[in-house]
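This report refers to the structure that appears directly beneath it.
The values are calculated or read from the model by the stated rules, or taken from the named source; none is laboratory data. What you are looking at is a predicted structure, and each value in this text was computed from that prediction instead of being measured. Note that each Cβ is placed from the backbone with ideal geometry, even for glycine, and that neighbours are counted across all protein chains shown. Note: accessible area is taken over every heavy atom of the protein model, side chains too, but ligands, DNA and RNA are not part of it. Shrake-Rupley method; radii C 1.70, N 1.55, O 1.52, S 1.80 Å.
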Amino acid sequence: MEIFNSLTYLDLSNIKEFHTLTKKVLIDLASDKEIFRLLLNSVAENSYLLSLTEHHDVLDKVVLYEDASRGIRIRLHVYLEEYSGRPHNHTWPLSSLILHGGYQHHLYGDGKDWNEDIDIEKLRPLMIREEKVGSMYTLDPDTVHSISTQPYTISLVVITPHLKERFLVVDKKKDTAFWQYVVKHKMPTEMQNKSMSLSYFNSLVSKIDDFNLI
């Protein structure tokens, strides 16, 4: 699709350029309800895309577009209820556009030199943002952040190939930090346990339609 052509030129090492290109793609997609609906409906008709869906306790993930040659995906995130995430960074640069709901966004700064021995008691956010409908941001892989969502917060996210093999997660409640390693090859049974049934996926699309997003 023409709307995704600029993703061909993504430079994962240039966060400013990454933001500029992904911002246009995400805003154009969110603004074109016909294409958005077409992509969602195509998931139901494509067994491969349906197998990539993920249903968790508080979060649903749907891959709307994939450039397999470059490992780039556009993914829809739907937070089903209020959720307070743990501080963490990522293994790839990330861009996100809020379509519905919102969340409080805590930014802790550069975690490149952090490890599991971090002094959690002293951990404080350097910035707190209120992300609302229309908010769009980009994070480099070393930025540590956490979010506290409203129910049915929905966003579009650009996913890229992993640049690192692990990321740090901080659990303040348990006073511990640990490394989460990238799972490059999930076992089929593990994927089936997380993927949505067709009926569940269709109900999710109906909910998204209720919010007048498609």
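Observations on the structure shown:
- With R₀ set to 45 Å, the beta-carbon distance separating Y181 from E2 gives a calculated FRET efficiency near 0.75.
- When the Gaussian network model of the chain links Cα atoms closer than 10 Å, the mean-square fluctuations of S146, S155, S42 top out at S42.
- Difference of contour (0.36 nm per residue) and Cα-Cα distance, S13 to K207: 66.2 nm
- Count of lysine pairs in segment 1-158 with Cα separation under 30 Å (8 or more residues apart, or interchain): 20
- Take segment 58-207 with all the other protein chains still there, run a 1.4 Å probe, and you get 53 Å² of accessible area per residue.
- Percent carbon-and-sulfur accessible area, the chain, ignoring ligands, DNA and RNA, probe 1.4 Å: 49
- At R0 = 45 Å, FRET efficiency that the Cβ-Cβ distance of S199 and L163 yields, to 0.05: 0.75
- Relative contact order %, the chain, counting alpha carbon pairs below 8 Å whose residues are six or more apart: 25
- The chain - charge dipole about Cα centre, Lys and Arg +1 at Cβ, Asp and Glu -1, debye rounded to 20: 40
- Spacing of the modelled spin labels on N46 and A68, each 7 Å from Cα toward Cβ, amounts to 1.0 nm.
- Three-way shape label, segment 1-127, alpha-carbon gyration tensor, a/c 1.5: prolate
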